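Single-structure report; data block below.
Each reported figure results from applying straightforward, stated rules to the coordinates on display, with no laboratory input. Keep in mind that this is a model prediction, so the values were computed, not measured. Quick reminder, even Gly has a Cβ in these numbers, built from the backbone with ideal geometry, and neighbours come from all protein chains shown.
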């Protein structure tokens, strides 16, 4: 099972982001602000998706040591959250949904970690 405390997950600080300043109750937050708001389990989901790419709920659950349903619930809660929903995205078909880090978020995290820009992916 994956342990996800602040030293284990991909954090805003790990990605080169400093702790965000206090802000008003805005609906759109920067990637850094969204990352700082993640719970340990959400942080583990983000880290795994960032490192592994798009995964099915079953694959994500296996990596987290959770059931497929529990992994799906964590992802869906993240996608519904008004201040965290921009971090992940879904792809695939209704029969095989895959979850991964949103392209713009991935590019921003890579840019913060390396100082380089990630290539643009086109469909």
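Remark: spin-label model distance residue 67-residue 97 equals 1.7 nm, labels positioned 7 Å along the Cα→Cβ axis.
Placing dummy labels 7 Å off each Cα toward the beta-carbon, the span from residue 114 to residue 76 is 3.5 nm.
Stokes-Einstein diffusion for region 31-114, with the hydrodynamic radius set to the Kirkwood value over Cα pairs and evaluated at 4 °C in a medium of 1.567 mPa s, equals 102 µm²/s. What the Cβ-Cβ distance of residue 51 and residue 28 gives, at R0 = 30 Å and to the nearest 0.05, is a FRET efficiency of 0.70.
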